[in-house]
Amino acid sequence: MSDQVSITGSFPVKRGLAEMLKGGVIMDVVTPEQAKIAEDAGACAVMALERVPADIRRDGGVSRMSDPEMIEGIQAAVSIPVMAKARIGHFVEAQVLEALGVDFVDESEVLTPADEAHHIDKYKFAVPFVCGATNLGEALRRISEGAALIRSKGEAGTGNVVEAVRHLRSIMGDIRKIGQADSAELFQWAKQLQAPLPLVQEIAETGKLPVPVFCAGGLATPADAALAMQLGAEAVFVGSGIFKSDEPARRAAAIVEATTHFNDASILAKVSRGLGAPMTGIGMDEINQRYAERGW
Amino acid sequence: MQVPTIGVLALQGAFQSHQQRLAELGAPTRQIRTPADLVGIDALVMPGGESTTMSKLLVTSGLFEPIAARIVDGMPVFGTCAGMILLATEVLDGRPDQLSFGAIDITVQRNGYGRQLDSFETEISMPAFGDDAAPFHGVFIRAPKVVRLGVGVEVLAEHDGVPVILRQRAITVASFHPELANDHRLHAQFLNSFTRIPSHAETS
């Protein structure tokens, strides 16, 4: 009996996976072995990439989509969702990732942008996209292009949470302000944010974005993850913070627990103990390339 | 009887959508993250999310044993997607260390409908709600597939011949996400299964 029509690749189906990742930790991994460690620790998804952002930052050069063989190796190693990164505007890398059957594409500023004016038209794909944003206007432009999930950008590969906090506060703060605006002020908000008016009106009505908001970029400790969650993030991405630390497996498990129990300081105190050294990290005045500035 | 409090397992996943649906029916909810949170709840919802993540957190939070004991005592539980996996007696394609409560006698295959590109939305016929009942809009996300039914498990709805809503005693499960649909019927049915207090939706 097949009288019921099934629709794949629709926006509700794309956003549905983003909803299921809420409250979880998505971890950057570069090998199947790391992916196993992440899954063992309780990651709700992994992000397959060739080098973690800290290494991209150190090595320089052009950073691209990962080798499909590596992505397939990670897909074979774990049963949780596998995400992978495409360069901003590089819709062919996204086509390749979709053909590989990845569960989410991250159109990411951590890779070297392929287009300095255009992002990918994400409505053309059945695979859902996550995009970074430093402020609400950027988030709404990505949503208008079809992104099913927004992550605050932070500054990847630094182990420094300050930019993640700045971007999350900017996005959440403006959502709160729009909630207080009257209908005439919404036109001004749309103009100021360079964002579509209907999306601004939707925020005024619902008090939130039409897709989930996660936090990324510089999170390195359980307390960092809980900070992002208390500031309103609905899940966290942790990149270099895990596999650039002394004891990745223990730190990963601790960050998973901290993300769930983000409001319980006694549990945070317990899981933060004895994790070995976190990644060293760098100050914002020590870096010569801010990835967060990529994206338009 | 007082208005019941529904616990919503809040370790990971789309628990807030369940809370929203239940709130719209006038049912107070409480997020469950530690054993202390379980005190005084009358029923529990296990949401969609990542079942392997929730399994880990059920152990680290100390929630697995007390929830298992409450299920044995007959506490009503409604599990969707990952929640269905957690409640099943047997899980295929899970992690070897993955825990489940064995509360409903079914075998489910994790991600049995495929990866995200195979995720889909569809209209599900609801004969359990009467012959003329409107279909239920079902969103299936990397959904578990029921591959074996035990004796005494009631099938409330099917999609393409495969059971997608099932019930055994106080346990109701769905392989899709009723919490993502703007349709309260399954949540209302769950509430009505253990309280006769009419919900707002029924009285209005």
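In the stretch A:50-107, the portion of solvent-accessible area held by carbon and sulfur atoms comes to 50 percent [1.4 Å probe, whole percent, DNA, RNA and ligands not counted]. Where only DSSP H runs of four or more residues are counted, chain B gives -6500 deg cm²/dmol as its mean residue ellipticity at 222 nm, each run worth -39500 (n - 2.57). If a spin label sat at a point 7 angstrom from the Cα of B:Thr195 along the line to its beta carbon, the backbone N atoms of the stretch B:1-25 nearer than 15 Å would be those of B:1-8, B:19-25.
Largest first, the residues B:Asp160, A:Asp285 sort by 1.4 Å accessible area into A:Asp285, B:Asp160.
Say the dipole of chain B comes from +1 at the beta carbon of Lys and Arg and -1 at that of Asp and Glu; which of B:Asn182, B:Ser61, B:Ile85 then lies farthest toward its positive end? Comparing the listed Cα positions along the dipole, B:Ser61 ranks first. Only protein heavy atoms count here, probed at 1.4 Å, and on that basis chains A and B bury about 3200 Å² of accessible area in total. With all protein chains in place and a 1.4 Å probe, the accessible surface of chain B carries 51 percent carbon and sulfur. Shape summary: chain B maps onto an equivalent ellipsoid whose semi-axes, from the alpha-carbon gyration tensor, are 23, 22, 15 Å in decreasing order. Rounded, prolate or oblate: pick one for the stretch B:56-143, where a ≥ b ≥ c are the square roots of the eigenvalues of its C-alpha gyration tensor, a/c under 1.5 means rounded, and failing that, prolate if a/b is larger than b/c, else oblate. Because a/c hits 1.5 or more and a/b fails to exceed b/c, the stretch B:56-143 counts as oblate. Taking amide H positions as placed in the peptide plane 1.01 Å from N, state which residues far from B:Ile32 in sequence (5 or more) or on other chains have amide H under 5 Å from it. It is B:Val8, B:Leu9, B:Ala10, by chain and number.
Measuring nothing but protein heavy atoms, the accessible surface of the stretch A:136-294 at 1.4 Å probe radius is 49 percent carbon and sulfur. Give the shape of the stretch B:93-138 as rounded, prolate or oblate, defined through the alpha-carbon gyration tensor: a ≥ b ≥ c are the square roots of its eigenvalues, a/c under 1.5 means rounded, and otherwise the shape is prolate if a/b is larger than b/c and oblate if not. Judged from the Cα gyration tensor, the stretch B:93-138 comes out oblate (a/c at least 1.5, b/c at or above a/b). Taking the Cα centre of the protein assembly as shown as origin, work out the dipole magnitude from +1 charges on Lys and Arg Cβ and -1 charges on Asp and Glu Cβ, in debye rounded to 20. The dipole magnitude comes to about 840 debye.
Rounded if a/c is under 1.5, else prolate if a/b is larger than b/c, else oblate: which is chain A, with a ≥ b ≥ c the root eigenvalues of its Cα gyration tensor? It is rounded, given that a/c, with a ≥ b ≥ c, falls under 1.5. Among B:39-49, B:94-104, the peptide with the highest mean count of other Cβ atoms within 10 Å heads the list, and the full ranking is B:39-49, B:94-104. The length gained on full extension between A:Gln192 and A:Met284, counted as 0.36 nm times the residue separation minus their Cα-Cα distance, comes to 30.4 nm.
Take the protein assembly as shown with all the other protein chains still there, run a 1.4 Å probe, and you get 38 Å² of accessible area per residue. Cross-link list A:Lys122/A:Lys244; B:Lys56/B:Lys145; A:Lys124/A:Lys153: which exceed 26 angstrom alpha carbon to alpha carbon? Distance filter (> 26 Å) returns A:Lys122/A:Lys244.
A loss of 20 Å² or more of accessible area (1.4 Å probe, protein heavy atoms, ligands and nucleic acids excluded) relative to the isolated chain is seen in these residues of the stretch B:1-21: B:Leu11, B:Gln12, B:Gly13, B:Ala14, B:Gln16. Interface burial in the stretch B:55-82, defined as at least 30 Å² less accessible area with all protein chains than with the chain alone at a 1.4 Å probe, covers B:Lys56, B:Leu57, B:Thr60. One Cα centroid belongs to the stretch A:117-178, the other to the stretch B:4-57; the line between them spans 28 Å.
If you plug the beta carbon distance of A:Ala76 and B:Val147 into 1/(1 + (r/R0)^6) with R0 = 22 Å, you get a FRET efficiency near 0.50.
The values are calculated or read from the model by the stated rules, or taken from the named source; none is laboratory data. It should be emphasised that the depicted structure is a prediction, and the values quoted were computed from it without experimental measurement. Here the Cβ is made from the backbone with ideal geometry for all residues, glycine too, and neighbour counts use every protein chain on show. What goes into the accessible areas is simple: the full protein's heavy atoms, side chains included, and nothing from ligands, DNA or RNA. Shrake-Rupley method; radii C 1.70, N 1.55, O 1.52, S 1.80 Å.
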